[in-house]
Amino acid sequence: MANALTIGRIAFSIALLMPAALSPAFFAVYAAAGLTDMLDGFVARRTGTESELGARLDSAADLALAVACLAKVLPAVSAPPWLWAWVAAIAIVKAANVASGFVTTKRLFMPHTAANKAAGLVTFLVPFAIPFFGVVAPAIPACAVATFAAVQEGHLVRTGSVGPTS
């Protein structure tokens with residue numbers, strides 16, 4: 001059941017590419033994707049069906065949702081260059097962490113830390129805030145938390161402090 005919810009998030013991510021950015025239909029699909037993200041881990045823990053496959057599938061679904069959301073929202077908003085640079089820097093650090101983790105462990109290494117979960121939640125809320133506050137105000141705290149999470153993740157990867165699917 002948990003993996004079905006995660007696969008549903010991948011389907012919602014693809015569906016997110018259809019409606020106009022920040023439209024009611026966009027927000028409905030986006031909220032459904034977020035709900036599956038909250039529920040899949042809960043269901044896996046409750047039913048005792050946590051698995052390495054599930055954790056990897058969850059990371060892939062998170063990436064699919066992030067890419068689909070960025071592909072729709074970023075072209076629809078006017079962000080200052082420094083914000084684009086900050087988002088790019090976070091993406092580069094996250095990609096370096098995945099590559100470094102792969103080199104170190106010979107497996108995909110995407111730890112599910114509290115900081116990564118917090119970054120995911122704060123970042124998830126940004127599109128909902130854009131119609132009210134513009135892109136900069138909600139993006140600053142999201143980028144700050146994501147920066148901390150990426151740096152912490154890099155430290156954990158390089159010190160081997162967590163396992164591949166922690």
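For the list (1) exposed (fewer than 14 other Cβ atoms within 10 Å of the Cβ); (2) part of a loop (DSSP other than H, G, I, E, B), I need the number of the one condition that A25 fails.
Just one mismatch for A25, condition (2).
Could you grab the pairs with beta carbons closer than 6 Å, sequence gap of 6+ or different chains, first residue in the range 55-79 and farther than 14 Å from A44 by Cβ, second one buried (at least 19 other Cβ atoms within 10 Å of the Cβ) and hydroxyl-bearing (S, T, Y)?
Once the first residue is farther than 14 Å from A44 by Cβ and sits in the range 55-79, its partners that are buried (at least 19 other Cβ atoms within 10 Å of the Cβ) and hydroxyl-bearing (S, T, Y) give A64/S13; L65/S13; A68/S13.
Here is a list of conditions, (1) touching a Leu at 6+ places or on another chain (Cβ under 9 Å); (2) under 25 Å from A15 (Cα atoms); (3) surrounded by fewer than 16 Cβ atoms within 10 Å (Cβ to Cβ), and L53 meets all of them except one; can you say which number that is?
Among (1) touching a Leu at 6+ places or on another chain (Cβ under 9 Å); (2) under 25 Å from A15 (Cα atoms); (3) surrounded by fewer than 16 Cβ atoms within 10 Å (Cβ to Cβ), L53 violates only (1).
Quick check: anything in the range 124-138 of a type outside the set (V, I, T), under 17 Å from L63 (Cα atoms) and open to solvent by 70 Å² or more (accessible area, probe 1.4 Å)? Please lay out each step first, then the result.
Within the range 124-138, the subset of a type outside the set (V, I, T) is 124-125, 127-129, 131-134, 137-138.
Pick out the ones that are also under 17 Å from L63 (Cα atoms) and you get 124-125, 127.
So of that shortlist, the ones also open to solvent by 70 Å² or more (accessible area, probe 1.4 Å) come out as 125.
Yes, the range 124-138 has at least one match.
What are the residue pairs meeting all of these: first residue in the range 2-17, first residue open to solvent by 50 Å² or more (accessible area, probe 1.4 Å), second residue not in a helix (DSSP H, G or I), Cβ atoms under 9 Å, and 6 or more apart or on different chains?
Listed pairs, sorted by first residue: N3/T49; N3/S51.
Would a scan of the range 127-141 turn up a residue that is assigned to a helix (DSSP H, G or I) and under 24 Å from G8 (Cβ atoms)?
Within the range 127-141, the first condition is being assigned to a helix (DSSP H, G or I), and the residues that meet it are 127-133, 136-141.
Remaining after also requiring under 24 Å from G8 (Cβ atoms): 127-128.
The answer is yes; a qualifying residue exists.
Taking F148, is it within 21 Å of Y30 (Cβ to Cβ), in a helix (DSSP H, G or I), among the aromatic types (F, W, Y) and open to solvent by 50 Å² or more (accessible area, probe 1.4 Å)?
On the way: within 21 Å of Y30 (Cβ to Cβ): no; in a helix (DSSP H, G or I): yes; among the aromatic types (F, W, Y): yes; open to solvent by 50 Å² or more (accessible area, probe 1.4 Å): yes.
Spelling it out, it is not the case that F148 is within 21 Å of Y30 (Cβ to Cβ), in a helix (DSSP H, G or I), among the aromatic types (F, W, Y) and open to solvent by 50 Å² or more (accessible area, probe 1.4 Å).
Among the listed residues A96, A115, identify the single one that is assigned to a helix (DSSP H, G or I), among the hydrophobic types (A, V, I, L, M, F, W, C) and crowded, with 16+ Cβ neighbours inside 10 Å. Before you say what the answer is, go through the steps one by one.
On the way: A96 fails: crowded, with 16+ Cβ neighbours inside 10 Å.
Criteria check complete, one pass: A115.
Just to be sure before I move on: is A139 in contact with a helix residue (DSSP H, G or I) (Cβ under 7 Å, 6 or more places away or on another chain), in contact (Cβ under 8 Å) with a residue 12 or more places away in the chain and within 22 Å of L39 (Cα to Cα) in the structure I sent? Don't jump to the end; show me each part of the working.
Working: in contact with a helix residue (DSSP H, G or I) (Cβ under 7 Å, 6 or more places away or on another chain): yes; in contact (Cβ under 8 Å) with a residue 12 or more places away in the chain: yes; within 22 Å of L39 (Cα to Cα): no.
So A139 does not fit the description; no.
Would you check which residues across the range 61-86 are open to solvent by 50 Å² or more (accessible area, probe 1.4 Å) and among the aliphatic types (A, V, I, L, M) and list them? Reasoning before the result, please.
So in the range 61-86, the residues open to solvent by 50 Å² or more (accessible area, probe 1.4 Å) come out as 62-63, 67, 70-71, 75-76, 78, 81-82, 84-86.
Hits for the range 61-86 are L63, V67, L70, A71, A76, A85.
The values are calculated or read from the model by the stated rules, or taken from the named source; none is laboratory data. Nothing here was measured: the structure is a model prediction, and the numbers come from that model. Here Cβ is always computed from backbone atoms with ideal geometry, including for glycine, and neighbour counts include all displayed protein chains. When the accessible area is computed, the model is the full protein with side chains, heavy atoms only, and any ligands, DNA or RNA have been set aside. Shrake-Rupley method; radii C 1.70, N 1.55, O 1.52, S 1.80 Å.
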